[in-house]
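The values are calculated or read from the model by the stated rules, or taken from the named source; none is laboratory data. The shown structure was predicted, so the numbers you read here are calculated from the model rather than taken from an experiment. For neighbour counting, all protein chains shown are included, and Cβ atoms are generated from backbone atoms with ideal geometry for every residue, glycine included. These area figures cover heavy atoms from the full protein model, side chains too; ligands, DNA and RNA do not enter into them. Shrake-Rupley method; radii C 1.70, N 1.55, O 1.52, S 1.80 Å.
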Amino acid sequence: MTNNQYVLDFVEKYRQLMQPDQVVWIDGSKAQIKALTDEAASTGEVIKLNNKLLPGCLYHRTAINDVARVEGRTFICSRQQENAGPTNNWMDPQEAYKKLDAIAEGCMKGRTMYVIPFSMGKVGSPFAKYGIELTDSIYVVLNMNIMTRVGEKVLKKLGDSNDFVRGIHSKVKLEEENRYICQFPEDNTIYSLNSGYGGNVLLGKKCFALRIASYQGWKEGWMAEHMLILGVQKPDGEIKYVCAAFPSACGKTNLAMLIPPETYTKKGYKVFTVGDDIAWLRKGKGGMLYAVNPENGFFGVAPGTNVKSNPNALASTQRGTIFTNVVYIPKTKTVWWEGLDKNPPQNAIDWKGNPWHGGMVDADGKVIKGAHPNSRFTAPAKNCPCISSEFENPKGVPVSAIIFGGRRAKAAPLVYESRDWKHGVFVGSIMASETTAAAAGAVGVVRHDPMAMLPFCGYHMGDYFQHWLDMGKKIKNKPKIFNVNWFRTDEQGNFIWPGFGDNMRVLEWILDRCEGTVDAVETPIGYLPKPEDINLEGLDFSIDQLKSILDVDKKTWLAEADDIEQFFAKFGDKLPKELSMELKKLRKNLRKRS
Ligand code: SAT
Ligand code: MN
């Protein structure tokens, strides 16, 4: 399929190491994908779902010890330890290659090695970057075929160039103790061994489009961010684009596909999705920042997705979609997950492969969930009813606002605006959020997650902050930077703000601020809305409730400042002075006004 010697040498090197019985190049043709689907169905790796109800859809279960990203086993293998920084695990590259090659030796005996040429971004776009993933998993091939642009066209565009990311994946024996997700930013190389879970093995996604790409962006003057991209069309037809960074499983897909409340749709507001997880950002026309979504599909969290919470996501999963670790219903050959509807199936199979029915409890009377909390759908972007007409625009979309948001029961108000870019970078750097099921480990623990990039930044986070500050100097018409928190709770632990479509009310304020058509109140942490400026029309939500989530409690924030100081201390000399100045200013503001 190619004469590119770099590609051929790469494939040959790993063929010799991993010793597959055969090598199959993925050309991206429908016929080849069909044949591979048939093969995976014949071995039980996937189950073909009801072709009438869910045409072209597949079901798959991972091993039960392999259901989320493994941050503790993810490494940045930069030559200097310092360049991985205090927030990443580091392994010396020479040592890492030795260790990983030993695990990989002969690991594909009796298996096929698939060679997947793929593009992050539309092939030929000035944003696009290419990669080759080697894998012994048909499931990975089928997912990559949805999540990225794959096949011959990529190799054609790559030509003789050596500028591609080398991805080596093998399930090996799915051993937890030998599971490694290693990024070598200086070598454009990724190894992923002993896993079969999406975030660990779809190497175009977090490993390349964030960890490797963030490093490339730092070196080349652009940015790779854990952000959704959406467009809001106003009644006059103008569309403004917004990027928003939230940690994994905090509602990026829901926000990206939001359906505005009736009071907005009646006036002609519409929301369009450009991306739900990753944004690559570059300086573009008119001195603005432009964004593309490098992906071609959505790898969304299934539980909680339903016709009310996210009808667009649900519609996206009705054809050509792969469901992973949800409930399988043999009788109808369909799938189910918690929160889909109120009719859990009776004779079904749970994510572990065991017989399961709705309302099932364990010996202690605890409800047994049918779908894993991090179960996923892999859906083609083109299925999405609200996909933006700019989705394929190779030049991207101009960004008016950047939003940071975490999952915080207290502290962060519903929304606030930073005073300027520098302060905005500070606001992103102090993001904290409760952990979710997207990564292995405890759930609900508040941790610092700057710009939602804690598990995804491929270099020293101090340098990353500096890169943000430097990008601000290059962009004349900078987006304004905001912070939101949909997750404030009352004394009983219930969410106060309704969220989902009603987040449009906050988006409207944000866009009005960008246009300078609405006022704000200056507070120690930044600009907050006047409560009467958030449109509550048609919503059963009182102004007092709103005030309660727009509250900035000084004591809480002073404690937060102490916590930030401790977090910042990790970065030593690499913490940009601008950020320590902002922390000082925050403290001064909080004390001055108390
Ligand atoms: O599993 S993924 O990393 O792809 C999804 C996520 O955690 O954001
Ligand atoms: Mn994500």
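So what J values fall out for the stretch 269-286 if you push phi through Karplus, 6.51 cos²θ - 1.76 cosθ + 1.60 with θ = phi - 60°, rounded to Hz, Gly and Pro as x?
Those phi angles translate into 6, 9, 10, 10, 9, 9, x, 10, 8, 9, 10, 9, 10, 9, 5, x, 3, x Hz.
For the chain, take the longest principal axis of its alpha carbons; what is the angle in degrees between that and the long axis of helix 461-474, to the nearest 10 within 0 to 90?
Computed tilt is about 70 degrees.
Can you tell me the Rg and Dmax of the stretch 231-367, counting just the alpha carbons, in angstroms?
18.9, 64
Using only the heavy atoms of the protein chains and a 1.4 Å probe, how would Thr378, Thr2 rank by accessible area, largest first? Intermediate results must be reported in sequence, preceding the final value.
On the way: Thr378 0, Thr2 25 Å².
Result of the area sort, largest leading: Thr2, Thr378.
Treating the angle as unsigned and between 0 and 90°, give the value, to the nearest 10°, between the Cα long axis of helix 554-569 and the longest Cα principal axis of the chain.
So the inclination is approximately 40 degrees.
Any chance you could list P(r) for the stretch 1-95, counting all Cα-Cα pairs in 5 angstrom bins from zero, rounded to whole %?
2, 9, 10, 11, 13, 17, 15, 12, 7, 2, 1
Expressed as a whole number of Å, what is the distance separating the alpha-carbon centroids of the stretch 231-283 and the stretch 528-594?
Here the two parts' Cα centres lie 25 Å apart.
Given the Cα atoms of the stretch 445-594, and with Rh set as the inverse mean 1/r over their pairs in the Kirkwood sense, what is Rg to Rh to two decimals?
Numbers: Rg = 17.4 Å, Rh = 17.8 Å.
Rg divided by Rh gives 0.97.
Using a 1.4 Å probe on the protein chains only, how many percent of the accessible area of the chain belongs to carbon and sulfur?
Working: 11450 of 23330 Å².
Answer for the chain: carbon and sulfur cover 49 percent of the accessible area.
Ordering Glu515, Glu582 by accessible area with a probe of 1.4 Å, largest first, what comes out? Show your work: numbers first, answer last.
Values: Glu515 75, Glu582 10 Å².
Largest accessible area first, the residues go Glu515, Glu582.
Rg(Cα) of the stretch 10-56 divided by 2.2 N^0.38 Å?
Values: Rg = 14.6 Å, N = 47, 2.2 N^0.38 = 9.5 Å.
Compactness ratio reported: 1.53.
Calculate, for the chain, the solvent-accessible area per residue in square angstrom, rolling a 1.4 angstrom probe over the heavy atoms of the protein chains. Don't skip to the answer; put the middle values down first.
Details: 23330 Å² over 594 residues.
Per-residue accessible area for the chain comes out at 39 Å².
If only Cα atoms are counted, what is the Rg of the stretch 75-219, and what is its Dmax, in Å?
Reported Rg and Dmax, both Å: 14.7, 41.
With the alpha-carbon atoms as the only input, what is the per residue convex hull volume for the stretch 310-441 in Å³?
Details: hull volume 24.7 nm³, N = 132.
Convex hull of Cα atoms, per residue: 187 Å³.
Counting only Cα, what are the radius of gyration and maximum Cα-Cα distance Dmax of the stretch 268-327, in Å?
Considering the stretch 268-327 through its Cα atoms, Rg and Dmax are 15.0, 49 Å.
Using alpha carbon centroids, what distance separates the stretch 83-136 and the stretch 1-54, in Å?
Going from one Cα centre to the other spans 16 Å.
Hey, what angle do you get for helix 5-18 against the long axis of the chain, alpha-carbon based, 0 to 90 degrees rounded to 10?
70
First obtain the Kirkwood hydrodynamic radius of the stretch 150-231 from its Cα pairs, then insert it into the Stokes-Einstein equation at 25 °C and 0.890 mPa s, and state the resulting D in µm² per second as a whole number. All intermediate terms of the calculation are to be shown ahead of the outcome.
Numbers: Rh = 14.1 Å.
The diffusion coefficient I find is 174 µm²/s.
Let me check I have the definition right: for the stretch 318-370, take the eigenvalues of the Cα gyration tensor, multiply each by 5, take square roots. What are those semi-axes in whole Å, largest first? Present the calculation step by step, with values, prior to reporting the outcome.
Numbers: eigenvalues 82, 24, 21 Å².
Rounded to whole Å, the semi-axes are 20, 11, 10.
Run the 1.4 Å probe and let me know the accessible area of Glu238, rounded to the nearest 10 Å².
80
I'd like the Kirkwood hydrodynamic radius of the chain, using the inverse of the mean 1/r over distinct C-alpha pairs, in Å.
It works out to 24.6 Å.
Based on a Kirkwood Rh over C-alpha pairs, give the Stokes-Einstein translational diffusion coefficient of the stretch 160-293 at 4 °C and viscosity 1.567 mPa s in µm²/s.
Numbers: Rh = 17.0 Å.
D, rounded to a whole number, is 76 µm²/s.
Could you pull the Cα extents of the stretch 127-179 along its three principal axes, largest to smallest, in whole Å?
Extents along the principal axes: 38, 22, 18 Å.
For the stretch 292-348 and the stretch 444-459, what is the separation of their Cα centres, given in Å?
Between the Cα centres of the stretch 292-348 and the stretch 444-459 lies a distance of 27 Å.
Of the peptides 277-286, 422-431, 473-482, 565-574, how do they stack up when ordered by the mean number of other Cβ atoms within 10 Å, highest first? Intermediate values should be presented prior to the final figure.
Details: 277-286: 20.5, 422-431: 24.0, 473-482: 17.6, 565-574: 13.9.
Result, highest mean first: 422-431, 277-286, 473-482, 565-574.
Could you order peptides 67-78, 531-542 by the average number of other Cβ atoms within 10 Å of their residues, highest first? It would help to have the intermediate numbers written out before the result.
Numbers: 67-78: 22.2, 531-542: 14.0.
Ranking, from highest mean packing down: 67-78, 531-542.
For the stretch 38-81, just run the numbers: alpha carbon Rg, then divide by 2.2 N^0.38 Å, N being how many residues it has.
Numbers: Rg = 17.5 Å, N = 44, 2.2 N^0.38 = 9.3 Å.
Rg over 2.2 N^0.38 Å, computed on Cα atoms: 1.89.
So what is Rg over Rh here for the stretch 397-516, counting just Cα atoms and using Kirkwood for Rh? Please list the in-between numbers first.
Details: Rg = 15.3 Å, Rh = 15.6 Å.
On the Cα set of the stretch 397-516, Rg over Rh gives 0.98.
When the convex hull of the C-alpha atoms of the stretch 232-306 is computed, what volume per residue in Å³ does it have? Walk me through the numbers before you get to the answer.
Details: hull volume 8.4 nm³, N = 75.
Per-residue hull volume (Cα only) is 112 Å³.
Over all alpha-carbon pairs in the stretch 31-155, figure out the percentage whose distance exceeds 22 Å. Mind showing how you got there, number by number?
On the way: 4348 of 7750 pairs.
Here the tail beyond 22 Å accounts for 56 percent of pairs.
What Kirkwood hydrodynamic radius, in Å, does the stretch 483-568 give when the mean of 1/r is taken over all pairs of distinct Cα atoms and then inverted?
Details: mean 1/r = 0.0692 Å⁻¹.
For the stretch 483-568, inverting the mean 1/r across all distinct Cα pairs yields 14.4 Å.
Of all alpha-carbon pairs in the stretch 387-449, indicate the percentage at a distance above 13 angstrom.
Numbers: 1403 of 1953 pairs.
Tail fraction, whole percent: 72.
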